[in-house]
1. Can you confirm whether region 219-227 contains a residue that is within 16 Å of the ligand (Cβ to nearest atom) and assigned to a loop (DSSP other than H, G, I, E, B)?
2. Are there any strands (runs of 3 or more DSSP E) wholly within region 32-84 with 2 or more residues that are of a type in the set (G, A, S) and within 16 Å of the ligand (Cβ to nearest atom), and if so which?
3. Name every residue in region 327-336 that is buried (at least 20 other Cβ atoms within 10 Å of the Cβ) and under 17 Å from M209 (Cα atoms), in order of residue number.
4. Just checking, which of V266, V281, V230 is of a type in the set (A, V, I, L, M, F, W, C) and in contact with a Gly (Cβ under 8 Å, 6 or more places away or on another chain)?
5. When region 236-245 is examined, which residues are found to be buried (at least 24 other Cβ atoms within 10 Å of the Cβ) and either of a type in the set (F, W, Y) or part of a helix (DSSP H, G or I) (or both)?
6. Just the residues that are within 11 Å of the ligand (Cβ to nearest atom), farther than 28 Å from R160 by Cβ and in a helix (DSSP H, G or I), please, taken from region 269-323.
Amino acid sequence: VNRNAHEPEFHQAVQEVLESLVAVLEKHPEYMELGIVERLVEPERQIIFRVPWVDDTGRVQVNRGFRVQFNSAIGPYKGGIRFHPSVYAGIIKFLGFEQIFKNSLTGLPIGGAKGGSDFDPKGKSDGEVMRFCQSFMTELYRHIGQDADVPAGDIGVGGREIGFMFGQFKRIKNAYEAGVLTGKGLTYGGSLVRTQATGYGLVYFMDEMLTAKGMSLAGKTVLVSGSGNVAIYATEKVQQLGGKVVAMSDSNGYIYDANGIEVAAVKQIKEVERRRISEYVKQQPSAEYHPGCEGIWSIPGDIALPCATQNEIDDNAAKTLIKNGCQAVGEGANMPTTLAGTKLFLENGVLFAPAKAANAGGVATSALEMCQNSMRLSWTFEEVDTKLKTIMANIYQNTSKAAEEYGHKNNLVVGANIAGFVKVAEAMKAQGLV
Ligand code: NDP
């Protein structure tokens, strides 16, 4: 704890995983003897660097950049880059730690990492974002590579930012190493479905979980927090499968539309115009806007899909959701539910799909992008979407099987941690003390 003081999010993520592993460690005492757990919680490498850039007024600005290369036992480091003012070492470490198990769950050969900066892209011009991304990559390029470490997007990093970073990497290296970043544009090595993958994958996972319990998404009322990449495509897929999303949010407030959210309108506001979700009610007069994003969890709904950020559902929000009859929660964001909130859902019989299993579709599709880059080929939308669906179904099956095998039937939190851990632990065991 002392070694990682003042990093509460990292402690929270580690606590949840370690509590899940008790039964595995009893069955495999050699993992303790080999120091697998002690090694797992210590990143293989952490890089912190200065990112200087010039804003539109000609003033020099300085941000802090991070890359935490957590674990490479099963493949090259892989994990997104987050640009948000709240970013500091504890956030990047919690995300990188989670990524180890998530990437293992995909069944694909990718290790765990995460990166980012406290740069706030909100309100910045395209030129400012480009200059920042170029400066960020001017340091990052020496630590990454298609066989070493492959970053992608996350909060505040989408296609625009990946494009600027890829351009700078290529310019410095004088090599077209397409597989060095994922989430690229379709004209220069991106994969179809990558934009939709995390949101679609979340809903495929939810559908699999509901079907296993004799339920279905059709006719369900759904709350989706956030209005970014994950939230938009989760909403689109829920509506394609017959559910009705009635609420979305951003960090300022939430919208409620009893008729069902018009996804096309949200895409226009957030993806094209880069404006606030409050704009929605100007176009859809039947909808309501409420300041304060936490209020979204007070709306009655059958299913909650938190797709914004960490710790957005605390115990009070969980109690309200349960009281209002919520039957299932699917975590699109990383660690959106506090430990106390998760406990309440599990104790009250709410079907709970934890982030590292439910939102793994994004990184899985990134690994499919790497695969296409290595082959110098592109698959069709249907080919990638079919693979994504199969991967999400397998993650559900493996997670629920692991939960049952270790005496925690229906607890997918424990199941995901165990299923993700065992593969990494076996690889670490085989590779010796590194
Ligand atoms: P985006 O930047 O596209 O969207 C983030 C959304 O969440 C925005 O609506 C944003 O609102 C809101 N948000 C961010 N921070 C906060 C906050 N502190 N309080 C309230 N709302 C907030 O990011 P993504 O959709 O890519 O990511 C969302 C979540 O999903 C993150 O937890 C991310 O780690 C996770 N994730 C993303 C993957 C991906 O493929 N993109 C893959 C797996 C997980 P505002 O505009 O007001 O900031």
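The values are calculated or read from the model by the stated rules, or taken from the named source; none is laboratory data. Because the structure is a prediction, the values reported are computed rather than measured. Every residue, glycine among them, receives a Cβ derived from its backbone with ideal geometry; neighbour counts consider all protein chains shown.
1. Within region 219-227, one or more residues are within 16 Å of the ligand (Cβ to nearest atom) and assigned to a loop (DSSP other than H, G, I, E, B).
2. Because the criterion is at least 2 residues that are of a type in the set (G, A, S) and within 16 Å of the ligand (Cβ to nearest atom), the strands (runs of 3 or more DSSP E) in region 32-84 that meet it are 77-83.
3. Answer for region 327-336, where residues must be buried (at least 20 other Cβ atoms within 10 Å of the Cβ) and under 17 Å from M209 (Cα atoms): A328, V329, G330, E331, G332.
4. Just one listed residue meets the conditions, V230.
5. V238
6. The answer is E294, and nothing else.
Quick grid of which residues meet (1) out of contact with any Phe, Trp or Tyr (no Cβ under 9 Å at 6 or more places or on another chain); (2) at pLDDT below 95; (3) surrounded by 22 or more Cβ atoms within 10 Å (Cβ to Cβ); (4) β-branched (V, I, T):
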{"site": "T187", "(1), (2), (3), (4)": "yes, no, no, yes"}
{"site": "S191", "(1), (2), (3), (4)": "no, no, yes, no"}
{"site": "R194", "(1), (2), (3), (4)": "yes, no, yes, no"}
{"site": "G199", "(1), (2), (3), (4)": "no, no, yes, no"}
{"site": "M215", "(1), (2), (3), (4)": "yes, no, no, no"}
{"site": "S251", "(1), (2), (3), (4)": "yes, no, no, no"}
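Condition check ((1) surrounded by fewer than 23 Cβ atoms within 10 Å (Cβ to Cβ); (2) out of contact with any Lys or Arg (no Cβ under 9 Å at 6 or more places or on another chain); (3) within 25 Å of V414 (Cβ to Cβ); (4) assigned by TED's automatic domain parsing to the domain that holds G201) across all residues:
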residue: A318; (1), (2), (3), (4): no, no, yes, yes
residue: G325; (1), (2), (3), (4): yes, yes, no, yes
residue: T338; (1), (2), (3), (4): yes, yes, yes, yes
residue: L344; (1), (2), (3), (4): yes, no, yes, yes
residue: T365; (1), (2), (3), (4): no, no, no, no
residue: L368; (1), (2), (3), (4): no, no, no, no
residue: S374; (1), (2), (3), (4): yes, yes, no, no
residue: S378; (1), (2), (3), (4): yes, yes, no, no
residue: M392; (1), (2), (3), (4): no, yes, yes, no
